[in-house]
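Participant: To start, I am sharing the structure in question, which I have written as structure tokens.
The values are calculated or read from the model by the stated rules, or taken from the named source; none is laboratory data. Note that the structure is predicted; figures quoted are calculated from it, not measured. Note that each Cβ is placed from the backbone with ideal geometry, even for glycine, and that neighbours are counted across all protein chains shown.
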Amino acid sequence: MRFRRHGPDGAAGTPVHRRASRGAASTRLTGRHTGGRPWRRRVRRTPSWCWAGWRGTPGGWRSGTFLLCTPLCHGGGTTADLALAAGGTVVLQDGFDAGAVLAAVERYRVSRLYLPPHLLYRLLDHPLLPVTDTGSLRRIGYTGCPPSPRRLAEATRRLGRVLHQTYSLTECGPVSRLSPDEHLDPRLLTTAGRPYPDTEVRVVDEDGATLPPGGTGELLVRTPTAMVGYWRDPELTSRVLRDGWLHTGDLGSLDAAGYLTVAGRRDPMAIIEGHNVFPREVEEPLRAHPDVREAVMFTTTDPDRLERVHAAVALTDGSRATAEQLHRWSRERGRARCAPDTVLLLPAIPLNGLGKPDLALLRTLADTAGRPTPAAATACATACATVTATATATAATAIATAGACEGV
């Protein structure tokens, strides 16, 4: 197997060669420490779902190159393990920069990427994508949060039949998958695919009763790879593991064909006038607007302890849409109670270290009345613009150095 280090300047380090076993695996911690036994069980499961799922991909792992530009502790690290265990090549980057990723894809003929949805969107929005040779890509895996169906359709149109979605949890590993072929069906782009053969999923209401197809409730999972428990936290373990089922804290539904739709975490859900409001219900109407590039729901609590729903929106380049127009659009195309109290326009959605929307940062934009303040919004917009400008300059340097595009 081979490592290549690809830094922001586009330089490649000397490959390090090392013999690896097909059974190689490692333990990664993304949050609370989980017990050790489930990881050994997961290793035994690896040949059944990983090798079978990827063996048929053109190029195969052994001759493939995986680009890792996200934290090792998340899904990209596990994918890197698989590539190395099969004798493939892994190109390492210090972090995500859309331009640098495109440069590496062309220079090293990258065949596999792992990108959370919001990083995938930034790759699609980068001005150098149309002039970059991405023909080597065979698989782009994504997970982490519910994606936009419109952006997924755009990704398939521009990058080809390469998208592979996995709904996964640290506590049990992969739960369901949506294959590249299934991404060709627009009706399935709102789903997370169907559960793996050895995994059971139930949807239950607040009393624990199983809901019929289409009903939205908490997702319970039963799989041979579920954790034994949280490290030295028996109280939390007893709340999450009950009667052989893992209570995920995620909300979703199953349709009659067995396709799973994830509405989001129970925590971000808001209760407005006694009704549950899920992130997807707020975000999807906004994402359908032709001028909206990204939309994320976040909540605040006002002095009366009432929840307020807000939406942070990043517009496409050159758009003149206003917050008032988007608010009206949302009310006309979604449920009235799901329309955000405030639409906050930003140059880009701020992300945390795992490439997911930084909800905590967005909440800091709110004043004591539970509404974003103009001063805070301006400060956040300025910070986002600075980061975007710096990333663009770095990307141009990386691509010019790598020789991916002439005249940059």
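Participant: Being of a type in the set (Gly, Ala, Ser) and either on the phi < 0 side of the Ramachandran plot or modelled with pLDDT of 95 or more (or both) is the filter here, so list the residues in the range 128-154 that pass it.
Facilitator: Gly135, Ser136, Gly141, Ser148, Ala153 - these are the residues of the range 128-154 that are of a type in the set (Gly, Ala, Ser) and either on the phi < 0 side of the Ramachandran plot or modelled with pLDDT of 95 or more (or both).
Participant: Can I ask one more? Scan the range 344-359 and give yes if some residue there is outside any strand (DSSP E or B), farther than 22 Å from Leu120 by Cβ and either out of contact with any strand residue (DSSP E or B) (no Cβ under 7 Å at 6 or more places or on another chain) or at pLDDT below 90 (or both), otherwise no.
Facilitator: Checking the range 344-359: not a single residue is outside any strand (DSSP E or B), farther than 22 Å from Leu120 by Cβ and either out of contact with any strand residue (DSSP E or B) (no Cβ under 7 Å at 6 or more places or on another chain) or at pLDDT below 90 (or both).
Participant: Of the residues that sit in the range 195-234 and are over 22 Å from the mean Cα position of the chain (by Cα) and among the aromatic types (Phe, Trp, Tyr), which one is surrounded by the most Cβ atoms within 10 Å (Cβ to Cβ)?
Facilitator: Tyr230
Participant: Further, regarding this structure: Within the group Ala98, Ala85, which residue is assigned by TED's automatic domain parsing to the domain that holds Arg157, in contact with a Lys or Arg (Cβ under 9 Å, 6 or more places away or on another chain) and at pLDDT 95 or above?
Facilitator: Exactly one of Ala98, Ala85 is assigned by TED's automatic domain parsing to the domain that holds Arg157, in contact with a Lys or Arg (Cβ under 9 Å, 6 or more places away or on another chain) and at pLDDT 95 or above, namely Ala98.
Participant: Read through the list (1) surrounded by fewer than 22 Cβ atoms within 10 Å (Cβ to Cβ); (2) under 19 Å from the mean Cα position of the chain (by Cα), then give the number of the only condition that Gly87 fails.
Facilitator: (2)
Participant: Can you go through Ala103, Ala98 and tell me which one is of a type in the set (Gly, Ala, Ser), in contact with a Gly (Cβ under 7 Å, 6 or more places away or on another chain) and surrounded by 23 or more Cβ atoms within 10 Å (Cβ to Cβ)?
Facilitator: When all the criteria are applied, what remains is Ala103.
Participant: Is the range 159-172 home to any residue that is farther than 29 Å from Ala312 by Cβ and in contact with a strand residue (DSSP E or B) (Cβ under 8 Å, 6 or more places away or on another chain)?
Facilitator: yes
Participant: Mind checking which residues of the range 157-177 are buried (at least 18 other Cβ atoms within 10 Å of the Cβ) and farther than 20 Å from Phe66 by Cβ?
Facilitator: Tyr167, Leu169, Glu171, Cys172, Val175, Ser176
Participant: For the range 322-343: of the residues being in contact with a strand residue (DSSP E or B) (Cβ under 6 Å, 6 or more places away or on another chain) and not charged (D, E, K, R), which is surrounded by the fewest Cβ atoms within 10 Å (Cβ to Cβ)?
Facilitator: Ala323
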